[in-house]
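Below is one structure, written out as structure tokens; the observations come after it.
Every number here is computed from the coordinates shown, using simple stated rules; none is lab data. Fair warning: this is a prediction, and the values are worked out from it, not measured in the lab. When we count neighbours, we look across all protein chains shown, and the Cβ atoms used for this are built from the backbone with ideal geometry, even at glycine.
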Ligand code: SAM
């Protein structure tokens with residue numbers, strides 16, 4: 001008699017073009033006992049297109065705790081399940097986090113079936129540095145909270161990525177210009193893998209102008225990306241000053257500069273000069 005537990009597969013699905021489903025995703029969706037979907041009606045259409053008929057259950061932000069408990073009971077009973085979201089990779093600005101965390105805490109196998117995700121698709125064509133990036137998901141809806149969050153990103157030196165909806169893309173761009181300035185290089189990727197796919201690269205103020213001038217550019221789904229503040233820029237150096245000041249309280253100047261260089265990615269010589277200046281003040 002086998003008392004093996006089942007596996008939970010985290011299955012990425014297309015973000016627009018159905019042909020982007022992977023062969024392995026199809027095989028897994030066909031083989032599992034149950035498909036757990038953010039919106040069962042939406043995912044049923046994809047399964048029907050793939051000629052797959054599996055029992056489905058829903059797991060979304062409003063029922064995640066109860067639904068996760070049921071998923072775990074099925075897994076413990078030996079069933080295998082696939083989690084899908086409406087589009088892209090589950091858990092990435094989509095439900096599933098508390099389910100996966102609970103499974104891992106209980107030692108239940110969670111298996112990735114990787115595939116599309118809007119943030120990686122957008123980044124890969126952005127022309128912005130890809131070696132380091134910061135994904136911020138959706139910006140807050142309320143302007144005050146949005147501005148406060150953007151303020152914390154002002155000195156960020158790595159590429160920044162946001163998800164945005166058609167309702168708020170203009171407001172987001174206006175606030176970005178206000179906080180990060182008109183010249184910050186930006187890229188707006190719209191409707192990726194779909195009929196009206198467009199990717200616009202421009203300084204923030206120009207991007208805002210183009211989106212304001214053309215209502216088509218406000219329709220659909222968006223990934224908004226920004227270049228980081230240049231290393232060594234005033235903005236970046238203000239952050240480094242804070243770091244250096246803390247380290248200088250505890251360490252000799254040379255060591256403080258070396259450590260600050262490792263933490264910030266700035267050049268050691270530059271930080272040594274800066275530390276000398278700060279120490280003099
Ligand atoms: N889990 C998904 C993923 O892996 O990309 C993201 C889900 S999130 C609820 C939906 C957001 O992703 C949209 O508002 C948009 O910002 C972005 N997005 C999804 N599909 C997109 C597409 N085809 N083109 C551009 N952005 C897209």
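Subtracting the Cα-Cα distance from 0.36 nm times the residue separation, let me have the gained length for residue 253 to residue 143 in nm, one decimal.
35.4 nm
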Would you mind calculating the relative contact order of the chain from Cα pairs under 8 angstrom and at least 6 residues apart, reporting the percent as a whole number? 17 percent
In degrees, nearest 10, range 0 to 90: what is the angle between the Cα axis of helix 143-153 and the longest Cα principal axis of the chain? 60 degrees
So, in nm, how far is label residue 219 from label residue 154 when the simple model puts each one 7 Å beyond its Cα toward the Cβ? 3.8 nm
Summarise the long-distance tail of P(r) for the range 187-263 by giving the % of C-alpha pairs beyond 17 Å. 60 percent
Cα long-axis angle, helix 234-250 against the chain (0 to 90 degrees, to the nearest 10): 80 degrees
Listed peptides 123-131, 4-12 by packing density, highest first (mean Cβ within 10 Å): 4-12, 123-131
The simple spin-label model distance between residue 53 and residue 76, using points 7 Å out along Cα→Cβ, in nm, is 3.2 nm
For every helix of n ≥ 4 consecutive DSSP H residues, a contribution of -39,500 (n - 2.57) applies; sum these over the chain, divide by its total residues, and give [θ] at 222 nm rounded to the nearest 500 deg cm²/dmol. -13500 deg cm²/dmol
For the chain, just the Cα set please: Rg and Dmax, both in angstrom. 23.1, 76
Ratio of the range 37-128's C-alpha Rg to 2.2 N^0.38 Å, to two decimals? 1.17
Can you tell me how much longer the chain between residue 276 and residue 18 gets when fully stretched, taken as 0.36 nm per residue apart minus their C-alpha distance, in nm with one decimal? 87.0 nm
Extension reserve of the residue 166-residue 238 stretch, reckoned as 0.36 nm per residue once the Cα distance is removed: 22.5 nm
Once you treat every alpha carbon in the range 45-89 as an equal point and sum by Debye, what is log10 I(q)/I(0) at q = 0.22, 0.32 Å⁻¹? -0.91, -1.20
Relative to the chain, whose Cα atoms define the longest principal axis, helix 253-264 and its Cα axis are tilted in degrees, nearest 10, by 30 degrees
Label-point gap, in nm, between residue 231 and residue 194 - each point 7 angstrom along Cα→Cβ: 3.8 nm
